[in-house]
Every structure is written in structure tokens, then in C-alpha cells.
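For reference, the structure discussed in these notes is given below.
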Amino acid sequence: MAFRGVSGKKIIFTDGDLINCNLQPSQFLSGFLMELLERDDSPRCVVYTFPNLTIQEFAAALAQFLNPHLGDIFRFLTEAHNTTDGRFVIFLRFVAGLSSPVAARGLVEFLGQFYHETIYRVIDWVKEEVRRQIENAESQDSKRSLLNTLHYLFESQNRGLAQDILGSVETLSFSGMAMTTIDCAVLSHVIGLCDTIKHLDLFRCRIQCEVIQRLGPGLYKCRELRLAGNKLGDSGVKVVSAALRNPECKI
């Protein structure tokens with residue numbers, strides 16, 4: 001039901017939705033679902049919602065690992081990633097994160113074992129998608145798409161997978177694209193796992209002090225670092241200076 005809601009941009013559910021999914025409201029109203037009183041011209045009508053959209057998206061991602069009859073999940077994930085309205089962005093990050101054995105381990109007690117075939121297919125999809133995006137990251141849209149796939153790699157927390165995918169990457173360019181603090185945390189994680197990145201282009205990415213601090217720990221590993229057109233401020237420049245003073249600095 002959570003997944004159908006994410007797919008259809010639906011956050012309000014009726015008794016009919018629960019019945020279609022073989023669910024009983026009393027099973028979940030302790031906190032997983034909330035009752036809402038819907039105002040209309042009919043008699044009292046109760047509908048249901050998850051306490052937060054993020055919880056709904058997490059439940060939707062869990063469904064992918066607990067249902068053995070989902071069909072071709074590789075193709076489905078590709079189609080979801082290519083959806084342009086953003087409805088699947090957080091959902092896909094949860095899917096990538098749940099492919100991590102560490103993440104799954106804490107849920108086994110409550111939910112049972114995840115289907116290994118699904119885990120393998122998700123990992124294969126992340127690997128292929130990141131490689132494909134790296135090869136085609138030229139336009140602004142493709143750069144954003146690449147950054148989204150790097151989020152999947154970050155969520156998976158799979159060091160071996162990251163090193164396998166990024167082992168030959170020498171250049172990462174996000175010039176002209178607005179970078180958030182979370183984006184830079186993901187990028188720092190990627191740089192930290194890859195010893196081959198020589199050129200990091202962050203020209204006019206609207207990076208300010210708080211954002212550059214997330215990048216700081218990995219900057220010294222790059223050989224060419226382009227930060228012009230950003231408002232680093234004194235504090236941001238100190239972060240870059242610290243990278244330059246690192247004994248292993250290659251900038």
C-alpha cells in the first residue's frame with residue numbers, strides 16, 4: 001500500500017485501500033498509520049495516512065525486499081530513476097540503503113530475511129547506473145542524475161562496490177549545479193573511497209562555508225580543484241587551507 005502511494009503520489013488512504021492489501025486498520029493504528037477525519041457532505045468518513053511521507057517511502061522500499069513476486073526489479077528501478085517528477089528519489093535511496101547487509105541485519109529480527117536475489121539485483125543496478133551516469137555526465141540534467149546515483153552509492157555503504165565502480169574515475173564535474181550540504185557530504189564520501197580522482201570541478205555551485213566543510217576531509221586527495229564562483233567566506237577558505245597543509249596534499 002505504501003508503494004502504491006509513492007507510485008501514485010498518494011498520501012491519504014481509505015478503508016478500501018487497506019482491504020485491497022488485506023490489511024486491518026487496528027493492526028497499524030498504534031503509530032504506523034494515523035486516522036484523519038475527512039470533511040465532506042457524507043456521514044463521518046475516516047481516512048488514514050502515514051505519520052510522515054518519509055516513513056511511507058521507507059515502508060515502500062522495504063516491500064521490495066520482502067515480496068518475492070515483484071517481477072524484474074532491475075528494470076523497475078531503472079524506470080523509477082528515469083522518472084522526472086522526483087517522486088521516487090527518496091524511495092530509491094532507501095532501496096539502495098537496504099541492500100546493505102549492515103542495514104538489513106537490524107531488521108531481520110522483526111521482518112525475517114530479505115530475499116537475497118533482490119539484494120543482488122539492487123547492487124547490480126546501482127553498479128550499472130552509476131557507471132552509465134559517469135559516462136554521460138555532460139549536461140546539467142545529466143550531472144544532477146549522476147549526483148543522485150552517487151547518493152545511492154553512499155546509502156549502500158558498500159565500500160567494495162564503490163571502489164569497484166569508481167576505481168578508474170579521474171574527473172568529476174558538477175560546475176554550474178547548486179550543491180546542497182548533503183550533496184557535498186555524499187561527494188566527500190565518494191572522494192574518500194577513490195584514489196584516482198584528479199579533477200574536481202565545482203565552479204559556481206553556490207557553495208558556502210557550511211557546505212565546503214562537508215567536503216573538507218577529502219579535498220587534499222584531488223590534484224585540480226576548481227572552486228571559483230562560490231561564496232566560501234573566511235571560514236570556507238580556512239577549510240581549503242587546511243587541505244593544502246595536509247602532508248598528503250596533491251592539489
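The values are calculated or read from the model by the stated rules, or taken from the named source; none is laboratory data. Just so it is clear, the model here is predicted, and its values are computed rather than measured. Cβ atoms come from the backbone with ideal geometry, glycine included; neighbour counts cover every protein chain shown. Side chains are part of the model used for accessible areas, which takes the heavy atoms of the whole protein and leaves out ligands, DNA and RNA. Shrake-Rupley method; radii C 1.70, N 1.55, O 1.52, S 1.80 Å.
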Those residues of region 128-153 which are in contact (Cβ under 8 Å) with a residue 12 or more places away in the chain, within 18 Å of residue 205 (Cβ to Cβ) and open to solvent by 50 Å² or more (accessible area, probe 1.4 Å) amount to 140, 144
So, first residue free of Cβ contacts under 8 Å to residues at least 60 places away in the same chain in region 1-12, second residue among the acidic types (Asp, Glu) and open to solvent by less than 50 Å² (accessible area, probe 1.4 Å), Cβ within less than 8 Å, six or more apart or across chains; the pairs are 1/17; 4/17
Out of all the residues in region 185-207, which are touching a Leu at 6+ places or on another chain (Cβ under 6 Å) and of a type in the set (Ser, Thr, Tyr)? 188
Counting only residues that are in a helix (DSSP H, G or I) and of a type in the set (Ser, Thr, Tyr), which one in region 179-211 is surrounded by the fewest Cβ atoms within 10 Å (Cβ to Cβ)? 181
Keeping to region 135-178, report how many residues are in a helix (DSSP H, G or I) and out of contact with any Phe, Trp or Tyr (no Cβ under 7 Å at 6 or more places or on another chain). 24
Residue check, residue 160 under 30 Å from residue 125 (Cβ atoms) and surrounded by fewer than 14 Cβ atoms within 10 Å (Cβ to Cβ): yes
Out of all the residues in region 74-84, is one or more more than 16 Å from the chain's Cα centre (by Cα) and touching a residue at least 12 places away in the same chain (Cβ under 8 Å)? yes
Residues of region 212-244 that turn out to be assigned to a helix (DSSP H, G or I) and either under 16 Å from residue 192 (Cα atoms) or of a type outside the set (Asp, Glu) (or both), as a count: 19
Just give me the residues in region 90-127 being of a type in the set (D, E, K, R), closer than 15 Å to residue 161 by Cβ and open to solvent by 90 Å² or more (accessible area, probe 1.4 Å), in sequence order. none
Residues that are small (Gly, Ala, Ser) and either surrounded by fewer than 16 Cβ atoms within 10 Å (Cβ to Cβ) or farther than 27 Å from residue 85 by Cα (or both), drawn from region 163-178: 167, 168, 175, 176, 178
Please go through region 12-52 and give me each residue that is at pLDDT 85 or above and open to solvent by 90 Å² or more (accessible area, probe 1.4 Å), ordered by number. 19, 20, 22
Take the conditions under 22 Å from residue 125 (Cα atoms), modelled with pLDDT under 90, out of contact with any Asp or Glu (no Cβ under 7 Å at 6 or more places or on another chain) and aliphatic (A, V, I, L, M) and apply them to residue 191. Does it pass? yes
Extreme residue, nearest to residue 6 (Cα to Cα), among residues of region 74-89 that are open to solvent by 70 Å² or more (accessible area, probe 1.4 Å) and part of a helix (DSSP H, G or I): 79
